[in-house]
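Colleague: One structure coming up, written as structure tokens, with questions to follow.
Every read-out reported here was derived from the displayed coordinates using simple, explicitly stated rules and does not represent laboratory data. Quick caveat: nothing in here was measured; it's all calculated off a predicted structure. For neighbour counting, all protein chains shown are included, and Cβ atoms are generated from backbone atoms with ideal geometry for every residue, glycine included.
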Amino acid sequence: MDSVLSLRNLTVDFDTPRGMVHALRDVSMDVPRGKVVGIVGESGCGKSTLIGAAMGLLANNAVVRGGRALFEGTDVLTMSATDLRAIRGRRIAMVFQDPMTSLNPVLSIAQLMTDIQYRDRATSAEQKRARAIDMLRQVGIPDPEQRIDHYPFQFSGGMRQRIAIAMALLMNPSLLIADEPTTALDVTLEAQIIALLRELHGKFHTSILFVSHNLGLIAELCDEVVVMYAGEVVEQGPVRALFHDARHPYTRALLECDPARIAQSTRQLPTIPGEVPNLIHLPAGCVFRPRCSKAFDPCGRNAPNPRPVAEGHATRCYLLGDG
Amino acid sequence: MWVYTARRLGLAIVIISVAMAMLFFMIYLVPGDPASIALGPRATPEMKEALRAKMGLDKPVVVQFFNFFVNVLRGDLGVDVWSNRSVSIIVVESLPYTLVLTAVGLGWAILLGVPMGCYSAIRRNTWLDKISGVLSVSAIAVPSFIVALYCLLLFAVEWKVLPAIGAGEQGDYWDQFTHLILPSFAIGLGWVGYLARLVRASMLEIMGENFIRTARAFGLAERTIVYRYALKLAILPTVALMGVGVGNLLSGAVFAEIVFARPGIGKLVYDAVITRNYPVVMGAVLVTTALFVLCTLLADLLAAWLDPRARAAL
């Protein structure tokens, strides 16, 4: 299978004054070419670290303990700064969470979008501008010929996120990473942005790594899902399999907690009891055991390895037998 | 933008008017009669009375104040009590020296302070950053007159590489330039440190912003990120502050002109105060005040113009 991005047994720690934070542990996942892969998990589960590793943008105190992050076959973790820079923006592009702060406030959209094309020395300024205008039109910015000379603050949040998407797709990258691109937007805009991403995916066939904590969005947009909990991939598989045949108790609990799936009207929304474990002092055995309603004898001894459920569907849980 | 400019301009006019009123009444309250001073100890009361009438000093205060205001608006700052020359001309003659001195002092501050602050922010916590920090704080803390005296002692007396006093030969630009180096450095040094600290702090803040991370994610060159994406924003508070800085440098120029015996507004005011030449004091101080207000105005407008958000909102 041809993967644009494939993480293999990636383990990343953060060296903090309070101790080593084990942010990612033995994470393996793939983004197949032309597919949309969703990562779902609550805050602090390692989603951002995973993206940082994929982009080679890890914080200075990050320590890669092991594993590889292969982008089109090359390990970004061992790449030189120059080589990394050559990939960023051209082969991998990223859309950030908060469109209100992710665009430079003192540069116009035209300046921002021309700067991204700095590698095309042969292209004239007019051509770069025309290309930017064309991309703005494709993401649904009305009247792009005039609007391109405006500054980010002259656009609404939804429009800014469209601009951010236009910027990301401008160089026709093979992988687009979207880090909770709709979290800062209201629900109507969220639906529009998701529709836009789906439309653009149909048009450009860019592989997308879509990070969210919203299961509904994942179901709508993605081909495959990776469920993360406390720095581990607990379950991954095709979207249908995951939503209809979830095997890991955490995935099941997440699905039960999704307000959109609750059939009966209730005053109390379901929650998963307990708290996310401390990533400095991890519990022995399975990370989800302290909160798991189905925990039994083997869970406390060793952390379970991923075991296959079906083709492309795997989970880390002892409920599926010893494996 | 135009509304803001107009409002700012109106405010500047009000400030200058208030400054004029304060100046007028301060001089009015100072003991000593300009007419008696001008005429010397052997003048008769009749002669004094005649001069007082000529200078308008016999009229009520309000009328004097009004006349003063009208005269200033007409560009007439009175006449020098000693030489009978027009104060406006005397001030205009001295002004270029002070302006050049201030501008070069500002030049030192910007040329050394901004890159120093930038470098410190990018290479944060390296030993060069720490050295730059110590140097900046020292530059701020040491009074300019100490710097001036040591500069004189080292460069002019000890090593004899730069001239000590005066402004240089008329028309000989190189000579005038070498005469500028020491005094401008003396007044500008404190601001080098000040700007370095300020730029470092704003750069550190800006470099942590999300849009810098975005620029990195697009693989832009670090040079582009620092100078195009960060410095353009980090420089804004500095620009606004430079208005005040110019005022500070102007007052620094006054003492530098005395220490280095350079012609200029400062020297003019100093000599005029000693000889109780009130019209000259008033004229020179008024022009300096107007200059200061003008610089603050320009700095504010520049800062607003550089920031598209402010530009659009105004």
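Colleague: Students often check this: by mean Cβ neighbours within 10 Å, which of A:12-19, A:59-66 ranks highest, and how do the rest follow?
Modeller: A:12-19, A:59-66
Colleague: Just checking the output field for B:218-225: average partner chain Cβ neighbours within 10 Å of each residue's Cβ?
Modeller: 6
Colleague: Using Stokes-Einstein with the Kirkwood hydrodynamic radius over Cα pairs, what translational diffusion coefficient do you get for the range B:87-313 at 37 °C and a viscosity of 0.692 mPa s, in µm²/s rounded to a whole number?
Modeller: Result for D is 172 µm²/s.
Colleague: Count charges around B:Ala121 for me, please; just the other residues with Cβ under 10 Å from its Cβ, Lys/Arg as +1, Asp/Glu as -1.
Modeller: Its environment carries a net charge of +1.
Colleague: Once you have the Kirkwood Rh of the protein assembly as shown from its Cα pairs, apply Stokes-Einstein at 20 °C and 1.002 mPa s and quote D in µm²/s.
Modeller: For these conditions, the coefficient is 71 µm²/s.
Colleague: By count of other Cβ within 10 Å, fewest leading, how are B:Ser120, A:Ser43, A:Ser156 ordered?
Modeller: A:Ser43, A:Ser156, B:Ser120
Colleague: If we restrict to alpha carbons, what Rg and Dmax does the range B:2-73 come to, in Å?
Modeller: 16.9, 58
Colleague: Let me ask something additional. Within straight cross-link reach of B:Lys130, meaning Cα distance under 20 Å, which aspartates and glutamates are found once same-chain residues fewer than 8 apart are removed?
Modeller: B:Glu205
Colleague: Further question: Inside 10 Å of the C-beta atoms of B:207-215, what's the mean count of C-beta atoms belonging to other chains?
Modeller: 6
Colleague: Taking R0 as 45 Å, what FRET efficiency do you get between A:Asp186 and B:Thr126 from their Cβ-Cβ distance, rounded to the nearest 0.05?
Modeller: Once rounded, the FRET efficiency stands at 0.50.
Colleague: Same structure, new question: If the cut-off is a Cα-Cα distance under 24 Å, which lysines reach A:Lys35, setting aside same-chain residues fewer than 8 apart in sequence?
Modeller: A:Lys47, A:Lys203
Colleague: Restricting to bridges with both residues inside the protein assembly as shown, how much of the DSSP beta-bridge set is antiparallel, in percent to the nearest 5?
Modeller: The answer is about 65 percent antiparallel.
Colleague: Taking the 0 to 90 degree range and rounding to the nearest ten, how far is the long axis of helix A:125-138 tilted relative to the main principal axis of chain A, both from C-alpha atoms?
Modeller: 50
Colleague: Take the alpha carbon atoms of the range A:58-204, find their radius of gyration, then divide it by 2.2 N^0.38 Å using N residues; give the quotient. Don't skip to the answer; put the middle values down first.
Modeller: On the way: Rg = 16.1 Å, N = 147, 2.2 N^0.38 = 14.7 Å.
Taking the Cα Rg and dividing by 2.2 N^0.38 Å, one obtains 1.10.
Colleague: Can I ask one more? With a 10 Å Cβ neighbour count serving as the proxy for reagent exposure, in which order, fewest first, do A:Tyr118, B:Tyr150 appear?
Modeller: B:Tyr150, A:Tyr118
Colleague: Right, here's the next one. Report the label-to-label distance for A:Tyr118 and A:Asp75 in nanometres (one decimal), using points 7 Å from each Cα along the Cα→Cβ vector.
Modeller: Inter-label distance under the simple model: 2.9 nm.
Colleague: Still on this structure: What spacing in nm lies between the two simple spin-label points modelled at A:Asp149 and B:Asp58, each 7 Å away from Cα in the Cβ direction?
Modeller: 6.7
Colleague: Another question, then. Within a Cβ distance under 15 Å of B:Asn67, other residues only, what is the Lys/Arg minus Asp/Glu net charge?
Modeller: +2
Colleague: Which helices, counted as full DSSP H runs in chain B, have an axial Cα extent of no less than 20 Å and a Kyte-Doolittle average of -1.0 or above?
Modeller: Details: long enough: B:2-29 (40 Å, 1.78); B:87-122 (51 Å, 1.67); B:127-141 (21 Å, 1.17); B:173-207 (43 Å, 0.78); B:231-259 (38 Å, 1.69); B:278-306 (41 Å, 1.99).
What comes out of the filter, once short or polar helices are dropped, is B:2-29, B:87-122, B:127-141, B:173-207, B:231-259, B:278-306.
Colleague: Please compute the net charge surrounding A:Arg85, taking Lys and Arg as +1 and Asp and Glu as -1 over other residues with Cβ under 13 Å from its Cβ.
Modeller: Net of charged neighbours comes to +4.
Colleague: When DSSP beta bridges are limited to those with both residues in chain A, what percentage is antiparallel, rounded to the nearest 5?
Modeller: 60
Colleague: So, one more: Across peptide A:95-106, what mean number of C-beta atoms from other chains lies inside 10 Å of a residue's C-beta?
Modeller: Whole-number average of other-chain Cβ neighbours for A:95-106 is 5.
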